[in-house]
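K.L.:
Quick one: this structure, given as structure tokens, is what I'll be asking you about.
Coordinate-derived values only; no laboratory data. The structure displayed is predicted, hence computed values, not measured ones. Positions of Cβ are generated from backbone atoms using ideal geometry, with glycine treated the same way; all protein chains shown enter the neighbour counts.
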């Protein structure tokens, strides 16, 4: 390609961009005297460098909340390495960054399946009776949202692993270009056509859209794959002559069936062994044609193609989770691209179909979602599995799985950790490298960038009646003096710090306080964080994916009136004609932050979840009531008294994911 000579202004502009670490505009691409790195590149507004995404994305440590079935944890072995399956609540981008540091996960995920929201602003209808969700991200912002996550998914995928991504007609062509870049176009295997919905509606001035796309990529040329076959309907099963292939086998030319020898044409050989022919004959799949006298094989199945419209794409289950993928769909994916014992991951887990089918097929699994409804739906689903695909048959007891919080932490549980676990957790929380070292006789815990970090051992200092006050900083500075740089970081519980400033300056050094549980200091991270907001209506179930951030769990204030009254419209006063009434009088969130936030009463209510037959330790979700629906009924909820067996658990959730749990017995309801 002939390039014109750059003028002085253009050279100065390019030099300024390079010195400032800024990307060059596309218009300069073919003006500079070297070729671009890639054969082609998909460009759009605000596209980040892959290196920046990998380095700048914030890690969030995983805090275990509860292990289900922990009495049955398999002992550590060469195969499982003490593994329990994982259900993770948090923003998937930050969780995926954390998993790139997990030796049990990085490079060991054999199969990834994701069904992200399609990013169009449309309202999707999965079951035909209620909108599934309204995708909030659109255009280039949506593409970059997916690209960031795909970059990390590639990082944790095994070299012989596969990834399947579900999308629709709005953004599928853009997503294909992005995946070609990340996974390389030579690793594209299939675009699979799957059912969108069986629900029929009109589509003015265009054809009805009845299918979605499933993009199948691998990380390399060497990948796990099992050809799948499908049994044909009896009417389509036909008899065919024996198949023969080029090349003559002189030592084993003939095949025997019903005592007769049959030879292939000259220069050919039979396509199957005598052993396989005998098996087929015993099964009634091989014969001698009574009319022609020639040997035949019955074709009863065929290899599955990239058209999967023979199985449902979504599950139409009354009262089920919106946009629930079918078990038949995940069975086909997991069977084709993984083996028993392999690790399967879903970063947009939703209703938990991936984990449910992985469990049934003997795979290990990790599921991630930032919605509380999704987490409780998956928890219930995994504890109520049936052995057969489609959730039929006998009950299936799942192997142990652990629920983790990532980005929303129980501060009380953190403080109760043994100090070494606490130290490890808070270093990760503030993105510090865990590297113990000593300066002037003082043992420090690590680095934040190039700056030193000290974790304040509140447990040890409490026994010595030492608090983190100005005197502590003075004593520290007297020892360290000019031996540290311009910034020095101390991580400490907020309750252990006796001053309000974010930092104290001594000489040339600023001693920054990274308080727990206060939000991360903006001056330090140069980025803002938002809470992972929970939906207030079914339409918004998947709208939470736009959030990036973390906070600490602070239970909201809830005041309710609990009653038993005669069912409306009933004249009889029998117990069966009674109903339970819950009137929510007060609901206020408690958010501890540097900038106080004030909310109106009931403003931050997201949803209310109910387990009508609560058994200790396990919340088994029966029903969810969204704030928008409760508001229409003046925040009053009623249901048949018969639904309560012994005791009921109520979980009130705010838009930040904080919970208030209450267990009520019948005696707690006033008549």
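K.L.:
Per-residue counts of other Cβ atoms within 10 Å, averaged by peptide: what ranking do you get for 227-238, 627-638, 333-344, highest first? Mind dumping the intermediate values first?
P.N.:
Details: 227-238: 10.1, 627-638: 15.4, 333-344: 19.5.
Result, highest mean first: 333-344, 627-638, 227-238.
K.L.:
Oh, and also: Compare the peptides 350-358, 386-394 by average per-residue count of other Cβ atoms within 10 angstrom and give them in order, highest first.
P.N.:
Details: 350-358: 27.1, 386-394: 12.9.
Descending packing order for the listed peptides: 350-358, 386-394.
K.L.:
Tell me the relative contact order for the stretch 414-525 as a rounded percent, counting alpha carbon contacts under 8 Å between residues six or more apart. Working shown, then result.
P.N.:
Working: 152 pairs, mean separation 23.1, N = 112.
Contact order relative to length: 21 percent.
K.L.:
Follow-up question, since we're still on this one. Write down, largest first, the equivalent ellipsoid semi-axes of the stretch 325-420 in whole Å, where each equals the square root of 5 times an eigenvalue of the alpha-carbon gyration tensor. Working shown, then result.
P.N.:
Values: eigenvalues 151, 39, 35 Å².
Taking √(5λ) for each eigenvalue gives 28, 14, 13 Å, largest first.
K.L.:
I'd like to compare 616-624, 366-374: which one has the highest average count of other Cβ atoms within 10 Å, and what's the full order after that? Mind showing how you got there, number by number?
P.N.:
Details: 616-624: 14.9, 366-374: 26.6.
Ranking, from highest mean packing down: 366-374, 616-624.
K.L.:
Pop a pseudo-label 7 angstrom from the Cα along the beta-carbon direction at both residue 245 and residue 483 and give the gap in nm to one decimal.
P.N.:
Rounded to a tenth, the inter-label distance reads 7.4 nm.
K.L.:
Right, something else. How much length would be gained if the chain were fully extended between residue 67 and residue 298, taking 0.36 nm per residue of separation minus their Cα-Cα distance, in nm to one decimal? Can you show the working numbers first?
P.N.:
Values: separation 231, 0.36 × 231 = 83.16 nm, distance 5.06 nm.
So the chain would gain 78.1 nm between residue 67 and residue 298.
K.L.:
A further question on this structure: Cα-Cα pairs above 20 Å in the stretch 229-303: how many percent?
P.N.:
Working: 905 of 2775 pairs.
For the stretch 229-303, the fraction of Cα-Cα distances above 20 Å is 33 percent.
K.L.:
Once the Cα atoms of the stretch 553-668 are picked out, what are the Rg and Dmax in Å?
P.N.:
Cα-based Rg and Dmax for the stretch 553-668 come out at 15.4, 57 Å.
K.L.:
Turning to a different aspect of this structure: In Å and on Cα atoms, what radius of gyration and Dmax does the stretch 393-516 show?
P.N.:
17.9, 73
K.L.:
Also, I was wondering about something else. Taking 0.36 nm per residue of separation and subtracting the Cα-Cα distance, what length does fully extending residue 51 through residue 254 add? Mind showing how you got there, number by number?
P.N.:
Details: separation 203, 0.36 × 203 = 73.08 nm, distance 6.20 nm.
Difference between extended and current length: 66.9 nm.
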